[in-house]
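Just so it is clear, none of the values below were taken in a lab; they were calculated from the coordinates. Because the structure is predicted, anything quoted here is derived from the model rather than measured. Counting neighbours? That spans all protein chains shown, and the Cβs are built from the backbone with ideal geometry, glycine included.
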Amino acid sequence: MLIIVCVTMATFIGVTAFAVDAGGAWQAQRRLHTATDAAALAAAQAYAAVPSEDGCGATDDEYVTNNDDAASVTDCQRVGNDASGYVTVSAERPFDFQFAPIFGIDSTDVDSSTTAAYGSPQAVTGLRPIAVCVYFPAVQEWLNEPDGPLGPSEPIRIPFTKEDLGCENAPGNWEWLDIDGGGGGANELAYDLRNGSEESVTIPGVIEPKTGRVSSVDDDLNYLFENEIEFPIPLFNLKEGTGNNTLYHAVGVATVKLVDWNVGGSQDDDFFEFIFTPKTIEGTCCSEGGLDTGTRVVNICAVDEDFDVSKC
C-alpha cells in the first residue's frame, strides 16, 4: 500500500510540476508575442513614413526589449517598397524551468514572430464628410504620381466653383458627404466633422453627397482648426447619377490639416484651404494598386504558425 501511495504522490508531483513549468513557458511566449507585435507594428510604421525610415534598423530591438527585457531579436525582414509591403520580426527568449531540472531539463528557448503589413487603406473609419477632387491642379502636383508625395504640401486653397478644373461632371472641386448614407441632418454632419464618421468606407468605393444646404458648421470647423487636427478625407475622381441617386467615386484617402475656409455663403466665394500631409491612420490594409497619397494604414497580418503571405 505504501508503495502505491508513493508512486501516486510522485506521479501527482510530476504532473503538477509539468503544469507549472508549461504554464510559465506559455506566459513567457505570450509576453514575447506582445513584444514582436509591438516591434513589427513600429517597424511597419517606420517604413510607411514619408520619407521612409529604416524600420528594422531603428525599432525592432527597442520595442522587443521594452516589452520583454529577456528577449532578443533574431531576424527582421521587409518585403515590398516604400509605398506598401510587410515586415516580419522574429525574437526569442530563454525560459528557466522551476521543476523540470529534477528530470534533467533546465531551460528552453521560446520564440515568436509577427508580420505587419503597411500600405494604402482598403477601408477607413474616421473620415470627415468632405470630398476633394483628385484632379484639382495643386492636389495633382502634390500627389507627384506615380511616385507619391514627398512630404507635406504648402497650403492649398480649393474653391468650390470648378470652372474647368473639376472632376468630370461634378458641380465643384469639393463636396459635402453623407458618409453612412442615412440622410442624417445637421447634427450628424457636425459629429462627423469633429470626430470622424464611425462608418467603415471601402476605398476605392462610392459615397453619397449631403443633400440640401449646409450651414452652421463654423464651430465644428473651428474646432478642427484650433486643435490642429490632422484628419482623413476622401479624394474623388467623378460623380455619377443625379438627385437622390448621386454617388461620388472615392479613389483614395488623403490626410489634411485645415488652414482656412469660407462655407455656407455663395458658391462663388466658398473654399477650403488645407495642408495635405502623409500620415498613418486607423483602417484596414491594404488597397492593391491604390492611389498613393502618403496616407497609410498598418495592420498585423500573420503571427507564428498562422503566417500566410496572402494575408499580407
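Descriptive notes on the structure:
- Taking Cβ atoms as reference points and 11 Å as the exclusive limit, the residues near ALA170 contribute a net charge of -1, counting Lys and Arg as +1 and Asp and Glu as -1.
- Over 18 Å [Cα-Cα, segment 217-296], rounded percent: 56
- In nm, spacing of pseudo-spin labels at ASP218 and ASP54 (7 Å Cα→C-beta vector): 5.2
- Ordered by the number of other Cβ atoms lying within 10 Å of each residue's own Cβ, fewest first, VAL110, VAL89 fall into the sequence VAL110, VAL89.
- For segment 123-293, alpha-carbon Rg and Dmax in angstrom: 14.6, 40
- Pairs of lysine residues in segment 123-293 - Cα separation under 21 Å, sequence separation of 8 or more or cross-chain: 4
- Restricted to Cα atoms, segment 170-243 shows a radius of gyration and a Dmax of 12.7, 37 angstrom.
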